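J.: Below is the structure I would like to discuss, written out as C-alpha cells.
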Amino acid sequence: MALGMSNALANARLDAIETTIGTSPILRIYGGSVPADCAASIGAATLLFEVTLPSDWLEAALGGTKAARYWPIAVASASGTASFFRIFESTGTTCHLQGTVTATGGGGDLTLDNTSIATAQSVTVSTFTLTDANA
C-alpha cells in the first residue's frame, strides 16, 4: 500500500521547498544530456540562458501542488535545444532542483514556449508546477 498523507502535510512539504531555496533563486536552462541529479556535473551541456526569479517565485501550495508565479522573460545567451533546467539559490552556487524541459504540452517538468533556442531570443517559461507524490 502506498503512503498517504493529508493535503495539509503535502502542502507544507511543498512550501518548504521555496523556503529552503530562498528568495530570488536563479533558473538556468541547458541543452544537452540531462545529468543524473543536481549534484552531478553538467558535462558537455550548454547553458542557453539564466534568469533571476522573483523574490516570491512560487504560489502557496494548494491541494498538493505548487505552481510558478509570474517568471520574467529571459534572453538566450547561446543557441541549442533546451533539455533540462536547474534552480539554484540566489548566489548561483547550490543546485536545489533539476528537471526536464519540453515545449508546452510536451510533459516536461518545466515547459517553454519554444525549446529551439537562438542566441538573443526571448524565452518564456510556460509552466512549472511541483506536485507532492503522496498528496
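The values are calculated or read from the model by the stated rules, or taken from the named source; none is laboratory data. Only a predicted model underlies this, so the values are computations on that prediction, with no experimental measurement involved. Glycine gets a Cβ as well: all are built from the backbone with ideal geometry, and neighbour counts include every protein chain shown. Heads up: the accessible areas ignore ligands, DNA and RNA and are worked out on the full protein's heavy atoms, side chains in. Shrake-Rupley method; radii C 1.70, N 1.55, O 1.52, S 1.80 Å.
J.: Once neighbouring chains are kept in place and the probe is 1.4 Å, which whole percent of the accessible area of the chain is contributed by carbon and sulfur? Don't skip to the answer; put the middle values down first.
T.: Details: 3700 of 6650 Å².
It is 56 percent, rounded to a whole number.
J.: So, one more: In the neighborhood of Asp15, defined by Cβ-to-Cβ distances under 12 Å, what is the net charge if each Lys or Arg adds +1 and each Asp or Glu adds -1?
T.: Numbers: positive: Arg13, Lys66; negative: Glu18, Asp56, Glu59, Asp132.
Local charge sum for Asp15: -2.
J.: Further question on the same structure: What's the angle, to the nearest 10 degrees (0 to 90), between helix 7-21's Cα axis and the longest principal axis of the chain?
T.: Long axis of 7-21 versus the principal axis of the chain: about 40 degrees.
J.: With a 1.4 Å probe and all protein chains left in place, how much accessible area per residue does the chain have, in Å²? Don't skip to the answer; put the middle values down first.
T.: Values: 6650 Å² over 135 residues.
Each residue of the chain exposes 49 Å² on average to a 1.4 Å probe.
J.: Return the Rg/Rh ratio of segment 1-110 with Cα-based radii and a Kirkwood Rh. Spell out each step's value before the answer.
T.: Numbers: Rg = 14.8 Å, Rh = 15.0 Å.
Ratio of gyration radius to Kirkwood radius for segment 1-110: 0.99.
J.: Would you kindly state how much longer the chain becomes between Ala2 and Thr129 on full extension, computed as 0.36 nm times their sequence separation minus their alpha carbon distance, in nm to one decimal?
T.: On the way: separation 127, 0.36 × 127 = 45.72 nm, distance 2.23 nm.
So the extension gain works out to 43.5 nm.
J.: Going highest first, how would you order 40-49, 107-116 by mean Cβ packing within 10 Å?
T.: In descending order of packing, they fall as 107-116, 40-49.
J.: Out of segment 62-135, which chymotrypsin sites (Phe, Trp or Tyr not before Pro) are coil in DSSP terms and have no more than 13 other C-beta atoms within 10 Å? Walk me through the numbers before you get to the answer.
T.: Numbers: sites: Tyr70, Phe84, Phe85, Phe88, Phe128; in loops: Tyr70.
Sparse-neighbourhood loop chymotrypsin sites (Phe, Trp or Tyr not before Pro): Tyr70.
J.: Principal axis lengths of segment 67-135 from Cα atoms, whole Å, largest first?
T.: Over segment 67-135, Cα extents along the principal axes are 40, 31, 21 Å.
J.: Hey, what number do you get for the chain at 222 nm if only DSSP H runs of n ≥ 4 count, each worth -39500 (n - 2.57), divided across all residues, to the nearest 500? List each step's numbers first, then the result.
T.: Numbers: 1 runs with 15 residues, N = 135.
Roughly -3500 deg cm²/dmol at 222 nm, from the helical runs in the chain.
J.: Mean separation of Cα pairs under 8 Å and 6+ residues apart, divided by the residue count of segment 1-114: what relative contact order is that in percent? If you can, show how the numbers build up before the last one.
T.: Numbers: 229 pairs, mean separation 30.8, N = 114.
Reported as a whole number, the value is 27 percent.
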